[in-house]
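S.K.: Mind looking over this structure? Questions follow.
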Amino acid sequence: MTTIFTRIIEGELPGRFVWRDDRAVAFLSINPLQQGHTLVVPIAEIDHWIDLDPELNAHLAGVAQAIAKAQQEAFDPVRVGLMIAGLEVPHVHLHVVPIRGVHDLDFANAAAHPDPAELDDAAARIITTLKSQGATPGV
């Protein structure tokens, strides 16, 4: 069965993309933990991160790092957290989240109904910052 992430990647469902290349995409979470919360997702449907081949794993980590550097500049958090939980969707995804503390990584605090204008602004800030840092986000 096709995952919700594949449906987003293929354009069947909307997504606020900040990165796209031949192996991975990154788009904003629809239930962000913090402003700018981004998911880095392989295009291939792989359920568990331990099943990633080492090259794809390294690629996803590199994309996550580029996104994190952009978030650090765009949102000025204390840190940018990286988390792989994998329970909510059976398709590998890395959560890249600007944080002030570990409590900002608690899914109980996810925004249920985020303001679409704030999501659009966060995506634009990440894309603009990625480009200013020399990254090629492909979106």
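S.K.: Please verify whether the stretch 8-23 includes one or more residues that are buried (at least 19 other Cβ atoms within 10 Å of the Cβ), in a loop (DSSP other than H, G, I, E, B) and among the aliphatic types (A, V, I, L, M).
M.R.: Looking for residues that are buried (at least 19 other Cβ atoms within 10 Å of the Cβ), in a loop (DSSP other than H, G, I, E, B) and among the aliphatic types (A, V, I, L, M), one finds none in the stretch 8-23, hence no.
S.K.: On to the next question. Filter the stretch 116-139 down to the residues that are in a helix (DSSP H, G or I), out of contact with any Lys or Arg (no Cβ under 6 Å at 6 or more places or on another chain) and of a type outside the set (D, E, K, R) and list them by number.
M.R.: P116, A117, A122, A124, I126, I127, T128, T129, L130, S132, listed by residue number.
S.K.: Tell me whether the stretch 75-97 contains one or more residues that are in a strand (DSSP E or B), more than 28 Å from D47 (Cβ to Cβ) and without any contact (Cβ under 8 Å) to a residue 40 or more places away in the chain.
M.R.: For the stretch 75-97, residues in a strand (DSSP E or B), more than 28 Å from D47 (Cβ to Cβ) and without any contact (Cβ under 8 Å) to a residue 40 or more places away in the chain: present.
S.K.: Another question about this same structure. Considering every residue within the stretch 49-70, establish whether at least one is part of a loop (DSSP other than H, G, I, E, B), closer than 20 Å to F5 by Cβ and either without any contact (Cβ under 8 Å) to a residue 24 or more places away in the chain or not β-branched (V, I, T) (or both).
M.R.: There is at least one residue in the stretch 49-70 that is part of a loop (DSSP other than H, G, I, E, B), closer than 20 Å to F5 by Cβ and either without any contact (Cβ under 8 Å) to a residue 24 or more places away in the chain or not β-branched (V, I, T) (or both).
S.K.: Just to be sure before I move on: is H113 buried (at least 17 other Cβ atoms within 10 Å of the Cβ), assigned to a loop (DSSP other than H, G, I, E, B) and not aromatic (F, W, Y) in the structure I sent? First the steps, then the outcome.
M.R.: Numbers: buried (at least 17 other Cβ atoms within 10 Å of the Cβ): no; assigned to a loop (DSSP other than H, G, I, E, B): yes; not aromatic (F, W, Y): yes.
No.
Here, each number is a calculation from the coordinates, and none is a lab measurement. What you see is a predicted model; the values in this text were computed from it and never measured. Please note: Cβ atoms are built from the backbone with ideal geometry, for glycine as well, and neighbour counts cover all protein chains shown.
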